[in-house]
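Report on the structure given below.
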Amino acid sequence: MNEEEKAYIHWLCQAAGTGNRSFLRSLEAFGTPRELYRLTVRGGLSGKLSGRCKEKAARMEQFTKGYDVAESYERMVKRGIRLVTQKEEAYPKRLLKISDKPYVLYYAGSLPAEGKKAVALVGARECTAYGRYMAAQFGTALARAGVQLVSGMARGIDCVGQESAMKEGGYSVGVLGCGADICYPRENRELYEALLERGGVCSEYPPGVAPRAVFFPPRNRIISGLSDAVLVIEARVKSGTLITVDMALEQGREVYALPGRVTDPLSCGCNRLIRQGAGLLASPEEFLEEFLGEYQGREKCVQTELIFLEGIRGELFSLLDFTPLPIQELQRRYEEKYQKAIALPLLFKEVLELCADGHAGQVAGNYFVKIIKT
């Protein structure tokens, strides 16, 4: 498919409007995008349709007045955004296998490689410290194992997982509920720029389309569709994350969930998924062994909590929890696990250093909690 044909496809996607995949498919009966453009310019398309389709065709004719096909497409390409159609080799093969595949895919950066495994890592926007920690663990481990990470670039779990993968030098793609030229949410600008440089962003919506609530549930089918498995880190019983799970199951994808406390609302969705048969995420290493079969990268996939801390400080950090622990309990755990004594003043000094560095927090006197820096 040449660039001129793509320019007419770009026009068609814009003219037909968002959320009109069935309408786009129905228009194929009237010819190629180029032929549809000519028919629309003459005002003849609306005359061939009836009902709501006739109204949509009339809006297409209004949109096309003064529209420059070549100039609009060239402007998009100069901004670093491309489109790929189902008939092209570059269209993701995984998406070709889902029932409601995108008519086209707009993207910037690169799309996931076909010969490598891909995993969707999703979860709650308003996540807990535990969720952020585990998302970072899995994001880092997946990157080290060469697994591509797919997510929605949303606040919370999505963002933490993708940032961790990118920091480790891995590949990640963000699937957006808006045009690929729009960073949403705005506070994730740094991640968006990193994805453009070393990963990718994609969307079925043309550039310039602003984010709307109705666009996010449909984009979830692309997140799961680009993946071989979906990992759920935290989710309420009723949440957008579980929409992704439903779509993943319809597409025949494996689903895994991170267990949590039964009293935590953000773990209720995951715990229910596990009861219903989802795989249990006990650790990144265990998942990768199962997912990749004879996983050769186990020795590289060390606990991420220790990669930036060494010695006593790293050991103490590994023992901290997201529930406050008294200093005496921390001492007991340390001596039990490492089989060596540690004086309370030294332990206290090292934990305070962790607090100063932002890796721990002191609450209620001599109680301390783990903090994950992202």
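The values are calculated or read from the model by the stated rules, or taken from the named source; none is laboratory data. These numbers come from a predicted model, not from an experiment. Positions of Cβ are backbone-derived with ideal geometry, glycine not excepted, and every protein chain shown enters the neighbour counts. What goes into the accessible areas is simple: the full protein's heavy atoms, side chains included, and nothing from ligands, DNA or RNA. Shrake-Rupley method; radii C 1.70, N 1.55, O 1.52, S 1.80 Å.
Sorting 135-148, 187-200 by their mean Cβ neighbour count within 10 Å, with the most densely packed peptide first, gives 135-148, 187-200. Looking at the chain alone, DSSP beta bridges between its own residues are antiparallel in about 40 percent of cases.
Sorting K349, K93, K65 by accessible area puts them as K65, K349, K93; the probe is 1.4 Å, largest comes first, and only protein heavy atoms count. Stretching A70 away from E126 to a fully extended chain increases their span by 15.8 nm, per 0.36 nm per residue minus the current alpha-carbon distance. Between R25 and E5, the simple spin-label model (points 7 angstrom out along Cα→Cβ) gives 2.1 nm. The alpha-carbon of K54 sits under 21 angstrom from the alpha-carbons of these lysines, leaving out residues fewer than 8 places away in its chain: K65.
Ligands, DNA and RNA aside, S239 has an accessible area near 40 Å² when probed at 1.4 Å.
One chain, two ends: R189 and R332. Fully extended at 0.36 nm per residue, the span grows by 47.1 nm beyond their Cα-Cα distance.
Name the lysines eligible as straight-distance cross-link partners of K48: C-alpha to C-alpha under 16 Å, and not fewer than 8 places from it in the same chain. Reachable lysines: K56. At an R0 of 22 angstrom, the distance between the Cβ atoms of R34 and E89 translates into a FRET efficiency of 0.55.
What does the C-alpha gyration tensor say about the overall shape of segment 205-275? Classify as rounded when a/c is under 1.5, otherwise prolate if a/b is larger than b/c, or oblate. Verdict is oblate for segment 205-275. Once backbone amide H atoms are built at 1.01 Å from N, G260 has N271 as its partners under 5 Å, excluding neighbours fewer than 5 places away on the same chain. Modelled this way, with points 7 Å down the Cα-to-C-beta line, the labels at E310 and V77 are 5.1 nm from one another.
If you plug the beta carbon distance of V262 and R52 into 1/(1 + (r/R0)^6) with R0 = 45 Å, you get a FRET efficiency near 0.40. Taking S224, S172, S318 as the candidate residues, the one with maximal mean-square fluctuation in a Gaussian network model of the chain, Cα springs under 10 Å, is S318. If you take Cα extents along the principal axes in Å from the coordinates, which of (1) 63, 45, 41; (2) 55, 43, 40; (3) 86, 41, 41 do you get? Working out Cα extents along the principal axes in Å from the coordinates points to (3).
Checking the cross-link pairs K6/K78; K93/K116; K78/K116; K97/K117; K349/K370; K6/K87 against a 19 Å limit on the alpha carbon distance flags K78/K116 as lying beyond it. Here the calculated FRET efficiency for F348 and S318, from their Cβ-Cβ distance with R0 = 25 Å, stands at 0.90, rounded to the nearest 0.05. Estimated at the nearest 10 Å², the accessible area of Y367 is 100 Å² with a 1.4 Å probe. A crude spin-label estimate for the pair K340 and L249, with each label 7 Å from Cα along the Cβ direction, gives 4.9 nm.
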